[in-house]
Amino acid sequence: MTTPKSWPIRGIVALVALLLFAPLASHADTYQIVGLGIDNVQYYGLSDTGQVVFQTSVFSCGGASTCYGHSGSWSSVAPALTWDNGAPCSPSVPAGTSVLSAACNGGNVAFYGYQSGNSGVEGIYAGAASPQLVASGFFTGPLYVNSLGDIVYDNGGLNEWYEAIDLTTTAAVPEPSSLLLFGTGALALAGFVTFRRYAHA
(Lines give C-alpha, C1' and ligand atoms only; values in the text may rest on other atoms or scores of the structure.)
Protein backbone atom coordinates (compact mmCIF):
# COMPACT_ATOMS: atom_id res chain seq x y z
CA MET A 1 0.00 0.00 0.00
CA THR A 2 1.31 3.45 -0.93
CA THR A 3 1.53 5.88 1.95
CA PRO A 4 1.63 9.69 1.56
CA LYS A 5 5.11 9.63 3.10
CA SER A 6 6.55 7.58 0.20
CA TRP A 7 5.80 10.12 -2.56
CA PRO A 8 9.10 12.08 -2.17
CA ILE A 9 11.14 8.90 -2.75
CA ARG A 10 9.11 7.93 -5.80
CA GLY A 11 9.44 11.44 -7.23
CA ILE A 12 13.21 11.50 -6.74
CA VAL A 13 13.61 8.02 -8.24
CA ALA A 14 11.58 9.15 -11.27
CA LEU A 15 13.74 12.30 -11.63
CA VAL A 16 16.97 10.28 -11.43
CA ALA A 17 15.67 7.81 -14.03
CA LEU A 18 14.74 10.70 -16.32
CA LEU A 19 18.19 12.27 -15.99
CA LEU A 20 20.02 9.00 -16.57
CA PHE A 21 18.03 7.68 -19.50
CA ALA A 22 16.69 10.74 -21.34
CA PRO A 23 18.59 11.43 -24.58
CA LEU A 24 20.79 14.50 -24.48
CA ALA A 25 19.95 17.19 -27.02
CA SER A 26 22.53 17.66 -29.74
CA HIS A 27 23.80 21.14 -30.48
CA ALA A 28 25.70 22.55 -33.43
CA ASP A 29 29.40 23.02 -32.87
CA THR A 30 30.86 26.53 -32.66
CA TYR A 31 33.81 27.35 -34.92
CA GLN A 32 36.40 30.12 -34.93
CA ILE A 33 37.68 30.81 -38.45
CA VAL A 34 41.37 31.79 -38.57
CA GLY A 35 43.25 32.94 -41.69
CA LEU A 36 46.60 31.18 -42.06
CA GLY A 37 48.16 33.23 -44.88
CA ILE A 38 48.27 33.24 -48.67
CA ASP A 39 47.94 29.98 -50.55
CA ASN A 40 51.21 29.95 -52.52
CA VAL A 41 52.54 27.42 -49.99
CA GLN A 42 52.09 23.66 -49.76
CA TYR A 43 50.12 22.05 -46.98
CA TYR A 44 52.34 19.93 -44.71
CA GLY A 45 50.11 18.77 -41.84
CA LEU A 46 47.50 19.32 -39.13
CA SER A 47 48.42 18.16 -35.64
CA ASP A 48 46.26 16.42 -33.06
CA THR A 49 46.27 19.70 -31.08
CA GLY A 50 45.18 21.87 -34.03
CA GLN A 51 48.53 23.27 -35.17
CA VAL A 52 48.81 23.76 -38.95
CA VAL A 53 52.14 23.61 -40.78
CA PHE A 54 52.97 24.49 -44.39
CA GLN A 55 56.12 24.11 -46.43
CA THR A 56 57.51 26.43 -49.08
CA SER A 57 60.57 26.90 -51.22
CA VAL A 58 59.59 30.43 -52.32
CA PHE A 59 62.14 31.80 -49.85
CA SER A 60 64.90 30.29 -47.75
CA CYS A 61 65.27 30.27 -44.00
CA GLY A 62 68.53 29.56 -42.27
CA GLY A 63 70.13 28.63 -45.60
CA ALA A 64 67.63 25.81 -46.22
CA SER A 65 65.78 25.60 -49.51
CA THR A 66 62.54 24.42 -47.84
CA CYS A 67 60.91 26.18 -44.91
CA TYR A 68 58.18 24.92 -42.55
CA GLY A 69 55.63 26.92 -40.58
CA HIS A 70 52.98 29.55 -41.31
CA SER A 71 52.04 33.21 -40.91
CA GLY A 72 55.55 34.62 -40.73
CA SER A 73 56.93 31.97 -38.36
CA TRP A 74 59.17 29.72 -40.45
CA SER A 75 61.93 27.21 -39.70
CA SER A 76 64.32 25.11 -41.74
CA VAL A 77 63.24 22.04 -39.75
CA ALA A 78 59.77 20.50 -39.78
CA PRO A 79 58.27 20.52 -36.27
CA ALA A 80 57.98 17.23 -34.40
CA LEU A 81 54.20 17.02 -34.00
CA THR A 82 51.68 14.20 -34.05
CA TRP A 83 49.98 14.58 -37.42
CA ASP A 84 46.25 14.00 -37.45
CA ASN A 85 44.98 14.93 -40.94
CA GLY A 86 42.07 12.54 -41.22
CA ALA A 87 41.51 10.69 -44.49
CA PRO A 88 39.50 11.24 -47.66
CA CYS A 89 36.07 9.65 -47.36
CA SER A 90 32.61 9.47 -48.91
CA PRO A 91 30.17 10.39 -46.13
CA SER A 92 26.51 9.45 -46.29
CA VAL A 93 24.68 12.79 -46.42
CA PRO A 94 20.99 13.78 -46.70
CA ALA A 95 19.29 13.76 -50.08
CA GLY A 96 19.97 16.93 -52.05
CA THR A 97 23.46 17.38 -50.58
CA SER A 98 26.43 17.25 -52.95
CA VAL A 99 29.89 16.34 -51.65
CA LEU A 100 32.82 17.49 -53.81
CA SER A 101 35.62 16.71 -51.36
CA ALA A 102 35.49 15.19 -47.87
CA ALA A 103 37.66 14.11 -44.95
CA CYS A 104 36.77 11.95 -41.95
CA ASN A 105 38.56 11.41 -38.64
CA GLY A 106 37.29 9.56 -35.58
CA GLY A 107 33.63 10.41 -36.08
CA ASN A 108 34.31 13.94 -37.36
CA VAL A 109 33.25 14.64 -40.95
CA ALA A 110 34.12 17.74 -42.98
CA PHE A 111 33.22 18.28 -46.61
CA TYR A 112 33.14 20.87 -49.33
CA GLY A 113 29.97 20.93 -51.38
CA TYR A 114 26.37 22.06 -51.60
CA GLN A 115 23.47 21.46 -49.31
CA SER A 116 19.99 21.23 -50.86
CA GLY A 117 21.34 20.67 -54.37
CA ASN A 118 23.31 23.07 -56.55
CA SER A 119 20.91 25.89 -55.64
CA GLY A 120 22.09 25.64 -52.03
CA VAL A 121 25.01 27.33 -50.35
CA GLU A 122 28.47 26.32 -51.54
CA GLY A 123 30.91 25.94 -48.70
CA ILE A 124 32.61 23.89 -46.03
CA TYR A 125 30.27 21.75 -43.93
CA ALA A 126 30.78 19.75 -40.73
CA GLY A 127 28.87 16.58 -39.98
CA ALA A 128 27.08 14.15 -42.26
CA ALA A 129 23.60 13.38 -40.90
CA SER A 130 22.75 17.09 -40.37
CA PRO A 131 25.50 19.06 -42.13
CA GLN A 132 26.37 22.40 -40.52
CA LEU A 133 27.67 25.24 -42.72
CA VAL A 134 31.06 26.29 -41.33
CA ALA A 135 32.18 28.70 -44.07
CA SER A 136 30.68 29.71 -47.39
CA GLY A 137 32.66 30.43 -50.53
CA PHE A 138 34.66 28.85 -53.33
CA PHE A 139 37.27 26.36 -52.21
CA THR A 140 40.02 24.43 -53.97
CA GLY A 141 41.94 21.31 -53.20
CA PRO A 142 41.45 18.78 -50.42
CA LEU A 143 40.48 19.57 -46.86
CA TYR A 144 41.63 18.06 -43.59
CA VAL A 145 40.02 17.37 -40.20
CA ASN A 146 41.67 16.23 -36.98
CA SER A 147 40.20 14.19 -34.14
CA LEU A 148 39.23 17.43 -32.32
CA GLY A 149 37.01 18.44 -35.25
CA ASP A 150 39.30 21.27 -36.45
CA ILE A 151 39.11 21.73 -40.24
CA VAL A 152 41.81 23.11 -42.58
CA TYR A 153 40.89 24.22 -46.11
CA ASP A 154 42.07 26.44 -48.97
CA ASN A 155 39.72 29.24 -50.04
CA GLY A 156 40.59 29.64 -53.72
CA GLY A 157 38.40 32.73 -54.06
CA LEU A 158 40.37 34.59 -51.37
CA ASN A 159 43.74 32.92 -52.08
CA GLU A 160 44.23 31.97 -48.46
CA TRP A 161 44.35 28.89 -46.25
CA TYR A 162 42.00 28.82 -43.27
CA GLU A 163 41.48 26.77 -40.15
CA ALA A 164 38.03 26.34 -38.61
CA ILE A 165 38.76 25.63 -34.95
CA ASP A 166 36.04 23.64 -33.21
CA LEU A 167 35.42 25.52 -29.94
CA THR A 168 32.78 23.12 -28.68
CA THR A 169 33.79 21.40 -25.45
CA THR A 170 32.43 18.22 -23.96
CA ALA A 171 32.50 19.86 -20.52
CA ALA A 172 29.14 21.48 -21.27
CA VAL A 173 27.43 18.08 -21.52
CA PRO A 174 27.05 16.19 -18.22
CA GLU A 175 28.76 12.83 -18.30
CA PRO A 176 26.74 9.74 -17.32
CA SER A 177 29.04 9.22 -14.30
CA SER A 178 28.23 12.75 -13.06
CA LEU A 179 24.51 12.12 -13.46
CA LEU A 180 24.85 8.81 -11.61
CA LEU A 181 26.68 10.53 -8.77
CA PHE A 182 23.94 13.16 -8.59
CA GLY A 183 21.26 10.46 -8.66
CA THR A 184 22.78 8.38 -5.85
CA GLY A 185 23.22 11.53 -3.75
CA ALA A 186 19.58 12.46 -4.30
CA LEU A 187 18.47 8.94 -3.32
CA ALA A 188 20.61 9.03 -0.16
CA LEU A 189 19.12 12.41 0.78
CA ALA A 190 15.59 11.10 0.19
CA GLY A 191 16.33 8.04 2.34
CA PHE A 192 17.70 10.21 5.13
CA VAL A 193 14.64 12.51 5.06
CA THR A 194 12.27 9.51 5.09
CA PHE A 195 14.19 7.88 7.94
CA ARG A 196 13.93 11.05 10.04
CA ARG A 197 10.20 11.31 9.37
CA TYR A 198 9.58 7.72 10.46
CA ALA A 199 11.89 8.10 13.47
CA HIS A 200 9.94 11.15 14.69
CA ALA A 201 6.49 9.70 13.94
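The values are calculated or read from the model by the stated rules, or taken from the named source; none is laboratory data. The structure displayed is predicted, hence computed values, not measured ones. Please note: Cβ atoms are built from the backbone with ideal geometry, for glycine as well, and neighbour counts cover all protein chains shown.
Assess whether Asp48 counts as being surrounded by 19 or more Cβ atoms within 10 Å (Cβ to Cβ), of a type in the set (D, E, K, R) and under 14 Å from the mean Cα position of the chain (by Cα). Show your work before the answer.
Working: surrounded by 19 or more Cβ atoms within 10 Å (Cβ to Cβ): no; of a type in the set (D, E, K, R): yes; under 14 Å from the mean Cα position of the chain (by Cα): yes.
Spelling it out, it is not the case that Asp48 is surrounded by 19 or more Cβ atoms within 10 Å (Cβ to Cβ), of a type in the set (D, E, K, R) and under 14 Å from the mean Cα position of the chain (by Cα).
Looking only at the stretch 128-160, which residues are in contact (Cβ under 8 Å) with a residue 40 or more places away in the chain, surrounded by 20 or more Cβ atoms within 10 Å (Cβ to Cβ) and among the small types (Gly, Ala, Ser)?
Matches in the stretch 128-160: Gly149 only.
If you take the residues of the stretch 99-127 that are free of Cβ contacts under 8 Å to residues at least 40 places away in the same chain and of a type in the set (S, T, N, Q), which of them is nearest to Gly45 (Cα to Cα)?
If we take residues in the stretch 99-127 being free of Cβ contacts under 8 Å to residues at least 40 places away in the same chain and of a type in the set (S, T, N, Q), then Gln115 is nearest to Gly45 (Cα to Cα).
Among (1) surrounded by fewer than 18 Cβ atoms within 10 Å (Cβ to Cβ); (2) at pLDDT 90 or above; (3) within 20 Å of Gly35 (Cα to Cα), there is one condition Asn85 misses while meeting the rest; what is its number?
(1)
For the stretch 72-95, give me the residue count where each residue is farther than 21 Å from Gly127 by Cα and either of a type outside the set (A, V, I, L, M) or not in a loop (DSSP other than H, G, I, E, B) (or both). Even if it seems obvious, please write down each step before you answer.
In the first step, residues of the stretch 72-95 are kept if they are farther than 21 Å from Gly127 by Cα; the result is 72-83.
Remaining after also requiring either of a type outside the set (A, V, I, L, M) or not in a loop (DSSP other than H, G, I, E, B) (or both): 72-76, 79, 82-83.
Looking only at that region, the number is 8.
Looking at (1) at pLDDT below 90; (2) crowded, with 20+ Cβ neighbours inside 10 Å; (3) part of a loop (DSSP other than H, G, I, E, B), which one does Gly69 not meet, given that it meets all the others?
Going through the list (1) at pLDDT below 90; (2) crowded, with 20+ Cβ neighbours inside 10 Å; (3) part of a loop (DSSP other than H, G, I, E, B), Gly69 breaks only (3).
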